[in-house]
Amino acid sequence: MADRVTVIGWDGSPLTAAARSALGAATLVAGAAHHLALPEVPPTAERIRLGSVALAARRLAAHRGTTVVLADGDPGFFGVVRTLRAPEFGLEVEVVPAVSSVAAAFARAGMPWDDAQVVVAHPRTLRRAVNVCRAHTKVAVLTSPGAGPAELGLLMEGVHRTFVICEELGTTRERVTVVTSDKAADHTWRDPNVVIVAGGSTGPATAGDGAGWIAGRDPATGP
């Protein structure tokens, strides 16, 4: 079994001392291609391209040594930490967080987000994510291949929204584009990306003094 699994969030900023220390001691590193290309990854460490997190977790559990998993943003926010901490893997997990992709997207857009809904869109959950976008005035969608800005725009037909599409946050290829929902399907978007869906007349009202007291939605609103 792995002696220790450290999950490091990466948001494009220089790695912290804790992250560099964990990477320097790693004998196995898992992550996406752009993570494994980081200069701090030891050249002698075994490398795993992170696809299925469950499959990677089994490899980590069988590894004798110190392992590191690199993930974009805050890995505890709709991230790999949930899977790695599943009882069947028996892993002891430490986390070095970073700025979440959602927080970074709203920062790039210059928008507050304590009143936003946050959803994850996979091909199997895409329609549910779209329903949230139809029902609320501000939604952040963490997309995936096959459930990205184009697919969101197609399913939003008849409901006008503004899309702020943030591609490859934290990298040198980062791009932020503002389009109307009906135009999103006219483009090819790079993964990974986060889509802020804004507009409409439903959802909670802003507090009169401009200061909120609860994130997400009005607790008086029904499910």
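Structure summary
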item	result
Every pair of residues 6+ apart whose Cβ atoms lie under 6 Å, when the first sits in region 172-196 and is over 15 Å from residue 12 (Cα atoms) while the second is outside any loop (DSSP other than H, G, I, E, B) and open to solvent by 90 Å² or more (accessible area, probe 1.4 Å)	176/108; 185/154
In region 130-163, the residues that are within 17 Å of residue 107 (Cα to Cα) and within 16 Å of the chain's Cα centre (by Cα)	139, 140, 141, 142
Selected residue (criterion: surrounded by the fewest Cβ atoms within 10 Å (Cβ to Cβ)) from residues of region 80-131 that are of a type in the set (Gly, Ala, Ser) and in a helix (DSSP H, G or I)	107
Residues satisfying the stated conditions in region 1-32, i.e. outside any loop (DSSP other than H, G, I, E, B) and open to solvent by 50 Å² or more (accessible area, probe 1.4 Å)	4, 17, 18, 20, 21, 24
Identity of the residue in region 164-189, under 17 Å from the mean Cα position of the chain (by Cα) and of a type in the set (A, V, I, L, M, F, W, C), that ends up surrounded by the most Cβ atoms within 10 Å (Cβ to Cβ)	165
Test: residue in region 52-60 that is within 17 Å of the chain's Cα centre (by Cα), small (Gly, Ala, Ser) and either in a strand (DSSP E or B) or surrounded by fewer than 20 Cβ atoms within 10 Å (Cβ to Cβ) (or both)	yes
Residues of region 146-161 classified as open to solvent by 50 Å² or more (accessible area, probe 1.4 Å) and either at pLDDT 95 or above or in contact with a helix residue (DSSP H, G or I) (Cβ under 7 Å, 6 or more places away or on another chain) (or both), total	3
Hits in region 132-145 (condition: surrounded by fewer than 19 Cβ atoms within 10 Å (Cβ to Cβ) and either part of a helix (DSSP H, G or I) or of a type in the set (A, V, I, L, M, F, W, C) (or both))	132, 134, 135
Given (1) more than 21 Å from residue 34 (Cα to Cα); (2) at pLDDT below 95; (3) within 19 Å of the chain's Cα centre (by Cα), index of the condition residue 192 fails	(1)
Filter result for the condition that a residue is out of contact with any Gly (no Cβ under 7 Å at 6 or more places or on another chain), over 24 Å from residue 163 (Cβ atoms) and not assigned by the TED database to the domain that holds residue 166, over 42, 87, 75	87
Only listed residue being over 22 Å from residue 191 (Cβ atoms) and open to solvent by 10 Å² or more (accessible area, probe 1.4 Å), chosen from 64, 49	64
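The values are calculated or read from the model by the stated rules, or taken from the named source; none is laboratory data. These numbers come from a predicted model, not from an experiment. Virtual Cβ from ideal backbone geometry, glycine too; neighbours counted across all protein chains shown. Just the protein is used for accessible areas: all its heavy atoms, side chains included, with ligands, DNA and RNA removed. Shrake-Rupley method; radii C 1.70, N 1.55, O 1.52, S 1.80 Å.
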